[in-house]
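Following: one structure in structure tokens, then a few remarks.
The values are calculated or read from the model by the stated rules, or taken from the named source; none is laboratory data. Because the structure is a prediction, the values reported are computed rather than measured. So basically every Cβ, Gly included, is an ideal-geometry build from the backbone, and we count neighbours across all protein chains shown. Side chains included, ligands, DNA and RNA excluded: accessible areas come from the protein's heavy atoms. Shrake-Rupley method; radii C 1.70, N 1.55, O 1.52, S 1.80 Å.
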Amino acid sequence: MPRRTYTRGHWDHVGRALARTVRDAHLIPGLRITEQPALLRQFRSKLAPVAQ
């Protein structure tokens, strides 16, 4: 974590976002991959919600 790139304000924002994500985890639906390319899977996959 280079100090010249990220300020304390950046890390405070990341901490608040992570805390909110943990707090509201029950509201965030799961996703499953329905289609994926051979390359760049993390960017070009198609997703569908997981039935609860």
Projecting the Cα atoms of S45, T34, W11 onto the charge dipole of the chain, where Lys and Arg contribute +1 and Asp and Glu -1 at Cβ, the residue farthest towards the positive end is W11
Residue-normalised accessible area of the chain, expressed per residue, 1.4 Å probe, Å²: 100 Å²
Counting only protein heavy atoms and a 1.4 Å probe, tell me what percentage of the chain's accessible area is made up of carbon and sulfur. 58 percent
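Counting only other residues whose beta carbon sits under 14 Å from that of K46, what net charge do I get with K and R as +1, D and E as -1?
+2
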Calculate the tail of P(r) for the chain: the fraction of all Cα-Cα distances greater than 18 Å, expressed in %. 59 percent
